[in-house]
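The values are calculated or read from the model by the stated rules, or taken from the named source; none is laboratory data. For clarity, every value in this text was computed on a predicted model and none was experimentally measured. Methodologically, a virtual Cβ is constructed for each residue, glycine included, from the backbone with ideal geometry; neighbour enumeration extends over all protein chains shown.
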Amino acid sequence: MLPSPRGTLFSKTRRAALLAVVLLFLPAHLLAETNPGNVVCRSELAVERREELASKLRKITGWPNLKFDLSGALRLGTNPVGGSKTARELLSQVVTGGAAVVIEDASQHADVAFCQVLPAKWKSNLQDPRPAFVVQVDFADFENVIGDTRALQAFNVGWGLLHELDHVVNNSMDPNCLGEPGECEAHINKMRLECGLPVRAEYFHTYSPLTMNSTFMSRLVQLSFEQEQGPGKKKKRYLVIWDAELIGGVTQDRKIAALR
Ligand SMILES: [Zn+2]
């Protein structure tokens, strides 16, 4: 989803490049553990973090019994109550799809802002190995944002994971220019609408206007969400704000910060 360390963007081209040069090696036993659930937590991912992620996904999908089982595999729910049908479809596609997805806690990684997905490679020489991806989630970053309640409901670890899974399943792209959400976030925005939440108005975050007048506040950035207030009425805007130096994702020229 989320801020790219050096302003690079996740794209089809970049994904192909990453496949060639960046390989996260995964122990082969995870391959077995991802059957039949294709989404599995690394053993280092604390139980509390797994539950935090599951609770956000329960809220978004409406599946009251979605969970990570004792082996760390994601188990989808049944009999949804409200929630987003599109999110349920995306998770179902991941779990029944051909790729394995491993979730990793990247809260200590300075180069990960919020979330990112990287292609991975199995350590052992397996015959016909399944494609694998690692979704790195910086839980700490999500704890360091402030803003409007409605915007914060539309921007949390659950939404971050869904964004990365959409890249995996749909090979969707993020935009290259300011002021639009892009293909991937358009999919995620459909889910937000189904949950009655504001949609993300832009893919890139920008410096907060407060930064123009204050050295002290010079590191604040903001991300805009918006929601229709009714036919013919102006959209209401909601903001998520954070300290870019703390979370990362600021380009060197400091004009914009990129999210991937
Ligand atoms: Zn992205």
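Quick look at the values:
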read-out: Qualifying residues in region 170-186 (those that are within 11 Å of the ligand (Cβ to nearest atom) and among the hydrophobic types (A, V, I, L, M, F, W, C)) - the one nearest to G82 (Cα to Cα); value: C184
read-out: Unmet requirement for H167, which otherwise passes all of (1) within 16 Å of the ligand (Cβ to nearest atom); (2) assigned to a loop (DSSP other than H, G, I, E, B); (3) buried (at least 19 other Cβ atoms within 10 Å of the Cβ); value: (2)
read-out: Filter result (among the hydrophobic types (A, V, I, L, M, F, W, C) and part of a strand (DSSP E or B)) within region 119-129; value: A120, W122
read-out: V134 within 16 Å of the ligand (Cβ to nearest atom), in a strand (DSSP E or B) and over 24 Å from V199 (Cβ atoms); value: yes
read-out: Selection from region 156-180 of residues that are touching a Lys or Arg at 6+ places or on another chain (Cβ under 7 Å) and within 21 Å of L57 (Cβ to Cβ); value: N156, V157, G158
read-out: Selection from region 217-229 of residues that are more than 16 Å from the ligand (Cβ to nearest atom) and either at pLDDT 85 or above or not in a loop (DSSP other than H, G, I, E, B) (or both); value: L220, V221, Q222, S224, F225, E226, Q227, E228, Q229
read-out: In region 70-106, the residues that are hydrophobic (A, V, I, L, M, F, W, C), farther than 25 Å from K121 by Cα and in contact with a Cys (Cβ under 9 Å, 6 or more places away or on another chain); value: A87
read-out: Q127 vs. criteria surrounded by fewer than 18 Cβ atoms within 10 Å (Cβ to Cβ), farther than 30 Å from Y238 by Cα, more than 12 Å from the ligand (Cβ to nearest atom) and in contact (Cβ under 8 Å) with a residue 60 or more places away in the chain; value: no
read-out: Complete set of residues in region 187-206 that are within 15 Å of the ligand (Cβ to nearest atom), free of Cβ contacts under 8 Å to residues at least 40 places away in the same chain and farther than 18 Å from R88 by Cβ; value: E202
read-out: Counted residues, region 137-164 - those being within 11 Å of the ligand (Cβ to nearest atom) and charged (D, E, K, R); value: 1
read-out: Test: residue in region 77-86 that is among the aliphatic types (A, V, I, L, M) and either closer than 14 Å to L162 by Cα or touching a strand residue (DSSP E or B) at 6+ places or on another chain (Cβ under 7 Å) (or both); value: no
read-out: Matching helices (runs of 4 or more DSSP H) fully within region 1-118 where at least 1 residues are at pLDDT below 90; value: 12-21, 29-33, 85-96
read-out: Members of region 89-120 found to be farther than 12 Å from L165 by Cα, more than 16 Å from the ligand (Cβ to nearest atom) and in contact with a helix residue (DSSP H, G or I) (Cβ under 9 Å, 6 or more places away or on another chain), listed by number; value: D105, S107, Q108
read-out: Region 234-253 - residue that is part of a loop (DSSP other than H, G, I, E, B) and modelled with pLDDT of 85 or more and, of those, nearest to the chain's Cα centre (by Cα); value: K235
